[in-house]
1. Which residues, taken from the range 129-156, are at pLDDT below 80, part of a helix (DSSP H, G or I) and open to solvent by 60 Å² or more (accessible area, probe 1.4 Å)?
2. List the residue pairs whose Cβ atoms are under 7 Å apart, where the first residue sits in the range 332-355 and is closer than 15 Å to K380 by Cα, the second is part of a strand (DSSP E or B) and of a type in the set (A, V, I, L, M), and the two are 6 or more positions apart or on different chains.
3. Looking at the range 170-179, which of the residues that are in a helix (DSSP H, G or I) and open to solvent by less than 50 Å² (accessible area, probe 1.4 Å) is farthest from F151 (Cα to Cα)?
4. Please find, within the range 230-249, the residue that is most open to solvent (accessible area, probe 1.4 Å) out of those that are touching a Phe, Trp or Tyr at 6+ places or on another chain (Cβ under 7 Å) and farther than 19 Å from D124 by Cβ.
5. Would you please list the contacts, defined by Cβ atoms under 7 Å and residues six or more apart or on different chains, that run from a residue in the range 35-53 that is loosely packed, with under 15 Cβ neighbours inside 10 Å to a residue that is not in a loop (DSSP other than H, G, I, E, B)?
6. Quick one: would you say K224 is modelled with pLDDT of 80 or more and open to solvent by 60 Å² or more (accessible area, probe 1.4 Å)?
7. Starting from the range 241-255, take each residue that is closer than 15 Å to Q213 by Cβ and list its partners that are open to solvent by 60 Å² or more (accessible area, probe 1.4 Å) and at pLDDT below 80, counting only C-beta distances under 7 angstrom and pairs at least six apart or across chains.
Amino acid sequence: MIQTGAKGSAVNAMQISCLLGQIELEGKRPPHMASGKALPSFPHYDTSPRAGGFVDGRFMTGIKPQEFFFHCMAGREFAYGEDGKDVMKAQFLKKKQIPFLADNYKVIKNFSSEMLDDEQTTADIAQRKKQIRKWKKKNGNPFQKHRISPFLLFSADMKDHKVYKGRMLNKETGRPRFAETVCKLWRESDTDTIETYNYKALRCADPVSAEFQGDRDFGAITEKLDSLMDDYLKERHSCRKSEFRHLMSVKSMLSHVHPGEPVGLLAAQSIGEPSTQMTLNTFHFAGRGEMNVTLGIPRLRELLMTASHNMKTPNMDIPFLPDIRKLEKKKANNLKLKLCRVTMSDVLQYIDVKDKIELFPERNQVYMIHMQFLPREVYKSKFSVKPAEILKHVEKKFLKESSMP
């Protein structure tokens with residue numbers, strides 16, 4: 001199922017057959033309680049991997065109660081919709097709808113009150129945004145995959161040093177001697193040198209939404225919305241920037257989901273119920289009979305449970321070898337035509353049915369069926385069947401199975 005792309009991933013297979021691995025909460029190991037225990041069943045300040053949330057069990061054989069509790073903790077770490085926004089209220093926070101909000105500024109601004117504006121919070125948010133912009137200008141994308149540490153920068157600067165000339169290994173440790181020398185020089189470096197490399201490898205500050213709460217701290221908007229605002233202001237030079245930013249901050253705050261909203265029930269109705277209908281990544285092609293295969297659970301039951309000899313949607317993929325010759329390709333095409341399934345609808349042009357009642361010698365209802373088949377030129381490129389074979393099948397099979405007692 002994983003290889004075909006139907007369901008699941010390699011991570012799911014690993015969790016079933018190998019182990020679950022390290023459990024993380026907010027990017028960290030599960031913290032200790034006030035008592036110094038990770039869970040009541042662990043000793044105080046236990047430093048073992050299991051006490052830190054490492055699950056070495058697998059789903060195939062089952063996991064222990066403590067591991068199950070850690071796993072449940074990680075599965076319930078979420079904000080509604082990942083950003084806390086109500087889907088119905090956040091529809092205007094898009095690029096196409098921003099001009100509409102700007103035109104209705106006078107209506108939305110009436111909600112704003114003095115309680116929303118907190119000078120200290122506004123200053124802290126502005127300072128955080130300034131730090132992020134400064135870091136991006138210097139280092140580029142903060143989501144880059146490669147990580148730079150102070151020691152890596154120090155090692156790069158030591159490439160021209162004489163310690164890199166020796167490539168011999170230390171037999172006791174198995175490490176190159178130049179690597180041991182670089183490590184020794186890093187440990188013996190003074191404080192100013194280490195601080196210099198720490199400043200060069202300074203990571204990007206956390207986004208505003210990581211520390212400030214959008215429905216409580218006025219002006220705490222996401223970076224995506226902030227970029228949309230900047231793009232809009234570049235095109236609208238006549239717009240008052242301060243009023244526009246105030247408007248977007250108010251709208252962003254109003255778009256958050258209300259406290260106490262039954263988000264679990266909403267998720268069950270909108271996500272849980274439709275996701276139970278297994279479609280196996282298939283689509284509907286209107287008017288294409290060969291594409292409309294049996295879908296979902298009925299198809300799975302047909303393949304695995306009933307093991308039917310007469311499958312509803314048989315199909316076969318037979319690829320050609322790359323070095324096949326022209327004559328052999330013609331033979332392969334003829335074989336493909338012989339393997340194709342032929343139904344009455346493929347070769348029948350129309351059918352005319354008339355009936356009448358006969359009174360003698362006894363009362364009967366007589367049906368007169370006229371079947372007009374397509375000429376062979378129409379279907380000979382798709383099927384290898386001939387008109388004589390069609391008539392033979394109709395006489396021996398079709399009429400026998402469709403006749404009434």
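The values are calculated or read from the model by the stated rules, or taken from the named source; none is laboratory data. Source: prediction; values computed, not measured. Because the Cβ atoms are built from the backbone with ideal geometry, glycine has one as well, and the counts that use them run over all protein chains shown. These area figures cover heavy atoms from the full protein model, side chains too; ligands, DNA and RNA do not enter into them. Shrake-Rupley method; radii C 1.70, N 1.55, O 1.52, S 1.80 Å.
1. Within the range 129-156, K136, K137, K138 qualify.
2. L348/M371
3. F178
4. E243
5. From residues that are loosely packed, with under 15 Cβ neighbours inside 10 Å, the pairs are S41/Q66.
6. yes
7. Correct list of pairs: M253/D215; L254/F111.
The rows are residues; the columns are (1) over 24 Å from S402 (Cα atoms); (2) acidic (D, E).
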{"residue": "I324", "(1), (2)": "yes, no"}
{"residue": "L337", "(1), (2)": "yes, no"}
{"residue": "S345", "(1), (2)": "no, no"}
{"residue": "D355", "(1), (2)": "no, yes"}
{"residue": "Y367", "(1), (2)": "no, no"}
{"residue": "M371", "(1), (2)": "no, no"}
{"residue": "S384", "(1), (2)": "yes, no"}
{"residue": "I390", "(1), (2)": "no, no"}
